[in-house]
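In what follows, a structure is listed as structure tokens, so that the remarks can point back to it.
The values are calculated or read from the model by the stated rules, or taken from the named source; none is laboratory data. As the structure is a prediction and not an experimental result, all values here were calculated from the model. Here the Cβ is made from the backbone with ideal geometry for all residues, glycine too, and neighbour counts use every protein chain on show.
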Amino acid sequence: MSSQPSAVRTPAESVGVFALLGNPNTGKSTLFGALTGVRQKVANFPGVTVEAKLGQRTTARGSSTFIDLPGTYSLAARSPDERVALQALLGRLEGIPAPHGVLIVVDATSLDRNLYLASQVLELDLPAVVALTMVDVAERRGIEIDVEQLSEALGAPVVPVNAPRGEGLEELVAALEAVAEQARPPLVISYAEELRHAVDTVLAELESGAERLGWTPCRSDALRLVVDGDGPFLSEVEERLGGDFLSRYRSIRESASQERAPSLIEAQARYGQIALWSRGCRRVTEQTGTTWTERIDGVLTHKLWGSLTFVVVMGLLFQSIFAWSSPLMDGIESLFGALGGWIGAGLPEGPLRGLLVDGIIGGVGGVVVFLPQILILFCFIAVLEDLGYMTRAAFLMDNLMAKFSLSGRSFIPLLSSFACAVPGIMGARVIEDRATRLTTIFLAPFMSCSARLPVYTLMIGAFVPARTVWGFLELQGIVLFAMYFVGIAAAVPTAWLVQRFWLKGHRSAFLLELPSYKMPRIKAVALTLWQRGGAFVRRAGTIILAVSIVVWALAYFPRSETVLERFETSREQARETYRSSLATSVQELGLPGREGDPETVMEETAAAESDQADRARVRLKAARDNLDGRLVQLDGDEQGELLATSYLGRAGRLIEPIVEPLGWDWRIGMATLASFPAREVIVATLGTIFHLSDVDEESESLRDVLRDAKRPDGGPLFTLATGLSVMIFFALCAQCAATLATMRRETASWRWPLLSFAYMTSLAYLAAFAVYQIARAAES
Amino acid sequence: MTTPGTLAALSVGARARVIEVGGDERLQQRLLELGVLPGIELKVVRTAPLGDPLEVQVMGYSLSLRRSEAEVVRIEALSE
């Protein structure tokens with residue numbers, strides 16, 4: 001037996017690896033689902049924001065691996081995301097097995113445009129089969145395609161499929177397995193002389209440097225370099241072949257572009273070839289009447305009805321992620337609370353209990369609580385996307401969003417971010433344009449999410465006077481609205497900055513296909529929810545868990561022995577006081593058994609039926625309440641002092657000079673540090689540091705305590721100015737581990753989350769500083 | 001403002017033939033790939049309620065593009 005690892009990571013009995021490639025909206029993913037079932041693996045590529053899915057299909061001959069590549073209109077590689085398709089087909093991507101063949105998915109309703117990509121793929125030296133989808137829809141529109149003619153024209157088998165009904169799948173797989181074994185002469189498209197010459201010359205250059213490139217160059221590589229010009233591919237080749245290559249390349253391209261742009265030459269040659277193909281194999285009978293899609297669009301993109309429908313749909317979406325998810329979120333919260341309580345009760349007081357209950361269960365629970373919002377939102381998005389409505393929503397909103405250098409596609413991710421930035425950022429996947437997607441992701445945390453609400457509620461309740469202005473507006477309501485508005489107001493210049501400095505030279509493009517309306521497929525929607533939900537839970541279980549544990553440990557350690565001993569003594573004293581007060585009662589009531597334990601004597605007396613027993617009961621209860629109250633107070637004080645002497649507390653004192661200009665003291669600074677994993681943690685931390693147990697944002701006592709909190713000089717800690725400064729900070733900061741972790745996953749790099757954190761924290765600091773100074777000046 | 005003789009200036013329902021596709025390299029290439037190339041006929045189906053973008057019927061499918069993007073497509077109007 002050989003212990004050599006196989007170069008391609010596929011099962012031993014594997015028949016082959018096949019990539020699926022096609023335009024968006026062709027039913028490619030449906031076909032992939034029908035071929036492979038629900039057991040799919042998602043593969044991410046380094047440096048890009050798109051992903052591929054891997055699945056298996058078992059046939060009589062063995063098992064085949066299918067790779068679902070992102071939908072694209074062309075193999076041109078102007079951005080790293082677009083580069084993935086060609087790289088994957090040529091087997092140059094790490095973690096993705098090299099395909100033995102490619103399945104080109106072609107939509108029969110727009111054959112010409114679909115054949116553009118197909119013709120690019122057929123130019124590769126790779127076995128290929130064409131899956132023809134939407135044949136029934138095309139026929140209803142009077143488009144008939146002669147499959148055999150088309151197959152002959154393309155030089156590759158063409159198989160009509162209906163994936164939802166499972167028709168044509170067997171034939172498709174059989175065709176794939178057959179072509180994988182025989183070489184196919186690559187398609188030759190006759191480009192104009194200047195382009196052909198340039199491609200030949202660049203190919204020769206590449207071939208002479210093949211060793212330094214690390215892969216075997218092909219004609220398509222040279223074609224892409226000549227046509228696409230500057231982009232990730234050119235940079236990659238330049239890096240390996242050096243500046244000499246670049247200058248020769250530039251002059252080759254220059255001379256090829258003298259009369260017409262290379263992209264025009266390519267498109268004309270390709271569409272010229274396609275016109276010949278489709279003339280031979282397609283018959284169109286003019287249809288009278290309108291299609292379903294046209295009729296639906298007559299309403300859904302209508303000036304009045306379309307706008308109305310849009311408002312209703314968005315209202316429903318917003319309502320669902322805000323209100324409908326709250327019972328589920330409450331359920332998860334109490335579930336985690338109960339779990340923590342149950343585990344806590346079974347463990348002795350100590351670091352292990354703290355770690356399990358506060359660190360792990362509290363930390364993960366605080367993130368998993370967003371799962372209902374994520375699932376509901378993704379259910380909405382998946383259904384709307386499947387239906388074809390998402391592109392219409394983008395069509396309706398684009399004009400508005402374009403004013404902020406975004407596109408219509410950014411609207412729903414940003415709207416969802418008002419509930420939670422995590423699903424918002426995940427929802428930005430639907431934006432094809434990379435720069436627009438990155439900008440949308442960057443802006444998502446600026447929308448005031450539901451986790452900020454507890455902070456606003458607490459601060460507004462405590463420091464904004466409850467009075468009406470101009471007769472009918474509640475001042476507290478205005479401040480809350482202003483907090484929501486602050487995020488949007490900050491997002492507008494941020495969008496400009498991001499595109500001006502971090503995505504240089506980008507102009508947001510729209511160019512969107514409006515596909516035909518289709519019925520949503522429940523299975524596909526369910527699968528999307530399962531994958532998205534799973535990805536989020538896995539993240540909560542890893543990076544977010546780690547962050548929660550670190551913050552918990554910083555707030556827990558070191559347990560100051562002096563503090564612990566001092567409070568143990570105080571507790572002992574309290575119990576002593578309790579016993580002596582009972583002894584006094586025993587004396588005063590003249591109870592028998594004075595020599596015994598006063599508590600036992602009191603209990604025995606109280607259990608009886610007499611006047612004396614009544615009095616004993618009253619006194620016993622009073623003494624016990626007294627003791628309980630004192631113990632709770634001591635516990636709270638102890639937690640507060642332990643927190644103050646913890647590493648986190650020390651860090652709070654360390655940063656006090658930094659947060660002082662915001663009107664904060666070390667306690668607010670520390671609570672802010674502690675709320676790095678999640679903003680709402682600040683409420684609980686403030687409660688602990690101000691010696692309260694069990695608080696939430698509605699708790700009257702925390703409000704009172706905050707109002708009464710003093711500075712060392714005796715002045716009040718919190719004024720309206722401080723409260724506003726805290727709120728502004730939390731409106732603009734990026735204090736959310738889940739958001740940053742999601743950003744890292746969706747942008748496939750740490751660059752964006754780090755940039756976001758640094759930018760938002762600086763912005764939050766400056767805004768809080770300005771607000772505090774202005775409000776204080778106004779107060780005095 | 002829209003430049004006469006471009007796709008951006010075409011009114012809803014009007015048909016036209018593409019003469020030339022300009023714009024920066026990326027936009028030009030994307031339009032060409034999507035089938036907006038010289039000699040092709042297209043039709044403006046509608047505009048969005050806010051006046052922009054446009055919906056254009058081209059090569060048997062619906063393409064939505066902004067007026068600023070349609071500006072780079074020079075056309076000759078066709079009569080019905």
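Some points to look at:
- Residues located in region A:157-216, provided they are hydroxyl-bearing (Ser, Thr, Tyr) and either farther than 25 Å from A:Phe245 by Cβ or assigned to a loop (DSSP other than H, G, I, E, B) (or both): A:Ser190, A:Tyr191, A:Thr216
- Selection within region B:59-80 - more than 10 Å from chain A (Cβ to nearest Cβ), surrounded by fewer than 21 Cβ atoms within 10 Å (Cβ to Cβ) and of a type outside the set (S, T, N, Q): B:Glu71, B:Val72, B:Arg74, B:Glu76, B:Ala77, B:Leu78, B:Glu80
- The sole residue among A:Trp470, A:Trp502 that is surrounded by fewer than 19 Cβ atoms within 10 Å (Cβ to Cβ), away from chain B (no Cβ under 14 Å), aromatic (Phe, Trp, Tyr) and in contact (Cβ under 8 Å) with a residue 24 or more places away in the chain is A:Trp502.
- Screening the candidates A:Asp136, A:Asp125 for the property of being outside any loop (DSSP other than H, G, I, E, B), away from chain B (no Cβ under 14 Å) and acidic (Asp, Glu) yields one hit, A:Asp136.
Residue-wise test of (1) of a type in the set (A, V, I, L, M, F, W, C); (2) more than 20 Å from A:Met401 (Cα to Cα); (3) touching a Ser or Thr at 6+ places or on another chain (Cβ under 8 Å).
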residue	(1), (2), (3)
B:Thr3	no, yes, no
B:Leu7	yes, yes, no
B:Ala16	yes, yes, no
B:Lys43	no, yes, no
B:Tyr61	no, yes, yes
B:Leu65	yes, no, no
B:Ser68	no, no, no
B:Arg74	no, yes, yes
B:Ser79	no, yes, no
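- Looking only at region A:149-177, residues that are in contact with a helix residue (DSSP H, G or I) (Cβ under 6 Å, 6 or more places away or on another chain) and free of Cβ contacts under 8 Å to residues at least 60 places away in the same chain come to 4 in all.
- Test result for A:Glu700, within 20 Å of the chain's Cα centre (by Cα), under 17 Å from A:Pro454 (Cα atoms) and at pLDDT below 80: no
- Among the residues of region A:428-442, at least one is within 14 Å of chain B (Cβ to nearest Cβ), touching a strand residue (DSSP E or B) at 6+ places or on another chain (Cβ under 9 Å), surrounded by fewer than 24 Cβ atoms within 10 Å (Cβ to Cβ) and farther than 30 Å from A:Ala684 by Cα.
- Test: residue in region A:240-260 that is within 24 Å of A:Ala118 (Cβ to Cβ), at pLDDT below 95 and within 14 Å of another protein chain (Cβ to nearest Cβ): yes
- Members of region A:745-764 found to be assigned to a helix (DSSP H, G or I) and touching a residue at least 40 places away in the same chain (Cβ under 8 Å), listed by number: A:Arg745, A:Glu746, A:Thr747, A:Trp752, A:Leu755, A:Ser756, A:Tyr759, A:Met760, A:Leu763
- If the condition is being within 25 Å of the chain's Cα centre (by Cα), away from chain B (no Cβ under 14 Å) and assigned to a loop (DSSP other than H, G, I, E, B), then region A:68-107 contributes A:Leu69, A:Pro70, A:Leu93, A:Glu94, A:Gly95, A:Ile96.
- When region A:299-334 is filtered for residues that are in contact (Cβ under 8 Å) with a residue 40 or more places away in the chain and touching a Lys or Arg at 6+ places or on another chain (Cβ under 9 Å), the ones remaining, listed by number, are A:Leu300, A:Thr301, A:Gly306, A:Phe310.
- Tabulated pairs, region B:13-41, first more than 19 Å from A:Glu259 (Cα to Cα), second basic (Lys, Arg), C-beta under 6 angstrom, 6+ apart or interchain: B:Arg15/B:Lys43; B:Gly35/A:Arg113; B:Glu41/B:Arg17
- A residue that is facing chain A (nearest Cβ under 9 Å), farther than 19 Å from A:His302 by Cβ and in contact (Cβ under 8 Å) with a residue 24 or more places away in the chain can be found somewhere in region B:42-58.
- Failed item, numbered, when A:Asp398 is tested on (1) acidic (Asp, Glu); (2) more than 14 Å from every other protein chain (Cβ to nearest Cβ); (3) touching a helix residue (DSSP H, G or I) at 6+ places or on another chain (Cβ under 6 Å): (2)
- In summary, helices (runs of 4 or more DSSP H) completely within region A:335-391 and bearing 3 or more residues that are free of Cβ contacts under 8 Å to residues at least 60 places away in the same chain, surrounded by 20 or more Cβ atoms within 10 Å (Cβ to Cβ) and more than 14 Å from chain B (Cβ to nearest Cβ) occur at A:371-387.
- Residue list for region A:20-61, filter: under 30 Å from B:Ser62 (Cα atoms) and either touching a Phe, Trp or Tyr at 6+ places or on another chain (Cβ under 8 Å) or at pLDDT below 85 (or both): A:Leu20, A:Asn23, A:Pro24, A:Phe32, A:Leu35, A:Val48, A:Thr49, A:Val50, A:Glu51, A:Ala52, A:Lys53
- Of the strands (runs of 3 or more DSSP E) lying entirely inside chain B, those containing at least 3 residues that are closer than 20 Å to A:Tyr116 by Cα are B:15-21, B:54-58, B:61-65.
- Conditions (1) modelled with pLDDT under 95; (2) surrounded by fewer than 20 Cβ atoms within 10 Å (Cβ to Cβ); (3) in contact with a strand residue (DSSP E or B) (Cβ under 9 Å, 6 or more places away or on another chain); (4) not hydroxyl-bearing (Ser, Thr, Tyr); number of the one not met by B:Asp24: (3)
- Selection within region A:270-298 - without any contact (Cβ under 8 Å) to a residue 60 or more places away in the chain, within 12 Å of chain B (Cβ to nearest Cβ) and over 19 Å from A:Ile145 (Cα atoms): A:Thr290, A:Glu294, A:Gly298
- When region A:724-744 is limited to residues that are touching a Lys or Arg at 6+ places or on another chain (Cβ under 8 Å) and assigned to a loop (DSSP other than H, G, I, E, B), the one that is nearest to A:Ala777 (Cα to Cα) turns out to be A:Cys733.
- A:Ala256 closer than 20 Å to A:Ile189 by Cα, touching a His at 6+ places or on another chain (Cβ under 8 Å) and either polar (S, T, N, Q) or in contact (Cβ under 8 Å) with a residue 12 or more places away in the chain (or both): yes
- Flag if A:Val284 is surrounded by fewer than 17 Cβ atoms within 10 Å (Cβ to Cβ), touching a strand residue (DSSP E or B) at 6+ places or on another chain (Cβ under 6 Å) and hydrophobic (A, V, I, L, M, F, W, C): yes
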